[in-house]
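Notes for the one structure printed next.
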Amino acid sequence: MTLPSRISFLTLCLGLTACSTPPAPESGIAVPQHWQGKTAASAIGQPSTHWWQTFASSELDRLVERAQHNAHDLAAAAARVRQAQARAVITGAPLLPELQLGLDGSRQRLLHGEGSDQLDVSRSEPTYTAFGLQLTASYELDFWGGLRAARASALHNLDASRFDRQTVELTLTSAVADSYLQGLALAEQLRIARLNLGNARDVLKLVETRQRAGSATRLELAQQRSLVAAQERQLPLLEQKWQDSRITLATLLGDPVQALPASQQSITNLQWPGIGSGVPSELLARRPDIAAAEARLAAANANVQVARAAMLPKLTLGATLGTGSDTFAQLLDSSYYTLTAGLVAPIFNNGRLRASRELAEAEQDELLENYRSSILAGFADVEKALNAIQGVERQRLWQDEEVLQARHAFELAQQRYGAGAETLLSVLETQRTLYLAQDQQAQLRLARLQGSVALYKALGGGWQVQR
């Protein structure tokens with residue numbers, strides 16, 4: 001084979017290798033055509049990016065805005081984005097030649113003796129002064145695409161860090177909404193407990209009056225006092241839970257609990273919005289955590305190409321334009337240039353490069369499985385949220401009826417007991433039933449509101465992938 005044919009063959013191989021970027025693996029997940037748990041609201045449009053405003057609570061709007069500007073987790077995620085931006089710049093720098101400017105000066109003086117061949121001075125010329133100015137350029141030819149792949153990997157990781165920040169923001173806003181709603185529900189439970197305690201005290205006064213008149217027994221009096229004590233005990237427990245919810249909310253906002261203003265909102269005034277769930281195939285572009293997993297998989301695919309390119313020869317070109325003189329005033333009088341080229345090929349490294357390639361491939365396999373897992377987890381989150389909303393809605397219809405009938409039964413039992421036509425046992429039983437029904441009603445309202453928050457979060461909160 002002649003020299004020109006060898007060069008042509010080498011050029012063809014280099015060109016083919018540089019263009020052979022392997023495609024990223026597919027997820028292989030079969031996407032369902034529709035959600036299993038659909039509600040009547042599933043036909044409404046997609047969620048808004050400011051989804052928390054659909055609850056019509058100005059307090060919640062202010063809390064979310066405070067969290068987005070002050071939360072430490074979100075600030076840390078933003079710092080990680082800036083780190084990824086810097087890494088992308090660092091990784092992409094070798095794609096262009098590197099230029100360096102150097103200015104140096106030196107002075108030698110013979111102290112004693114005759115000097116030697118390694119010195120620029122001798123007894124006849126005991127002092128030597130030199131100045132130099134060099135402009136140096138170096139560049140590695142990216143024959144195998146390794147440098148471009150490294151830059152692509154860094155850009156994909158930058159995308160992943162941006163998606164991670166958006167995931168943190170979505171998680172933060174959902175946690176703020178959940179904690180805020182939990183606090184409102186506990187405040188409502190406290191209100192119900194105080195009302196029922198007032199009713200129990202009223203009944204206790206009636207029992208005491210009848211006991212003094214001889215129409216009620218000491219047993220009935222003790223039973224009612226026991227009920228009052230039990231309801232008194234519930235108040236500090238609910239107050240403790242309410243304070244805990246405020247501490248959690250303040251922590252999410254990045255503030256001490258002392259800085260959290262008292263809420264003026266009632267959970268009974270909040271309305272849950274209708275949310276469009278769309279179809280499962282749309283979820284891949286509506287969740288930042290899935291987009292982050294996909295970006296990391298693409299980065300791992302590029303890292304495999306980087307590891308393969310490291311096993312092939314590297315060609316580096318260099319050029320230096322310089323000048324030198326033994327006096328600074330004549331520094332630019334004598335100029336020169338130097339051209340260099342270097343070819344480095346790995347011969348023996350005890351399997352290090354091959355192991356690096358296998359490591360990159362194993363990391364790619366791991367991230368592929370993580371990507372698949374994130375897709376399935378996203379589907380499951382939506383299904384659970386839809387199922388929870390549907391289940392709570394069916395319970396609420398009957399719970400409202402239960403509260404209505406329990407209140408009516410308590411009022412009738414109280415009136416009949418006052419007239420001597422009913423026993424205290426009936427009054428006690430209707431009291432307990434009413435309290436439990438009202439408390440369960442508040443909890444179901446909380447569950448319905450939190451179901452909307454969970455569905456917003458599962459759908460990505462109105463977020464869309466920005467390519």
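Set side by side, the residues G351, G342, G378 differ, and just one is in contact with an Asp or Glu (Cβ under 9 Å, 6 or more places away or on another chain) and modelled with pLDDT of 90 or more, which is G378. Entry remark, the range 95-140: residues being in contact with a Phe, Trp or Tyr (Cβ under 7 Å, 6 or more places away or on another chain) and assigned to a loop (DSSP other than H, G, I, E, B) number 3 in total. Against the numbered list (1) in contact with a Ser or Thr (Cβ under 8 Å, 6 or more places away or on another chain); (2) in a helix (DSSP H, G or I), A360 comes up short only at (1).
Provide a single number: the residues in the range 236-257 that are part of a helix (DSSP H, G or I), within 25 Å of H69 (Cα to Cα) and among the charged types (D, E, K, R). The qualifying residues number 2.
Looking only at the range 416-463, which residues are hydroxyl-bearing (S, T, Y), farther than 15 Å from L204 by Cα and surrounded by fewer than 21 Cβ atoms within 10 Å (Cβ to Cβ)? Result: T433, single match. Among the criteria (1) closer than 30 Å to Q364 by Cβ; (2) within 25 Å of the chain's Cα centre (by Cα); (3) not basic (K, R), the one A307 does not fulfil is (2).
Go over the candidates A41, A75 one by one and state the one that is modelled with pLDDT under 90, more than 30 Å from L317 (Cα to Cα) and part of a helix (DSSP H, G or I).
On inspection, the qualifying residue turns out to be A41.
Within this structure, A130 passes the test of being farther than 30 Å from Q85 by Cβ and in contact with a strand residue (DSSP E or B) (Cβ under 6 Å, 6 or more places away or on another chain). Which members of the range 78-136 meet the condition of being aromatic (F, W, Y) and over 27 Å from L317 (Cα atoms)? Hit for the range 78-136 is Y128, nothing else. Given the criteria under 30 Å from E383 (Cβ atoms) and either surrounded by fewer than 17 Cβ atoms within 10 Å (Cβ to Cβ) or in contact with a strand residue (DSSP E or B) (Cβ under 8 Å, 6 or more places away or on another chain) (or both), does G183 qualify? For G183, the condition - under 30 Å from E383 (Cβ atoms) and either surrounded by fewer than 17 Cβ atoms within 10 Å (Cβ to Cβ) or in contact with a strand residue (DSSP E or B) (Cβ under 8 Å, 6 or more places away or on another chain) (or both) - is not met.
Summed over the range 342-353, residues that are loosely packed, with under 10 Cβ neighbours inside 10 Å and of a type outside the set (V, I, T) total 5.
The values are calculated or read from the model by the stated rules, or taken from the named source; none is laboratory data. The model shown is predicted, which means the values in this text are computed figures rather than measured ones. Cβ sites come from the backbone with ideal geometry, for glycine too, and all protein chains shown count toward neighbours.
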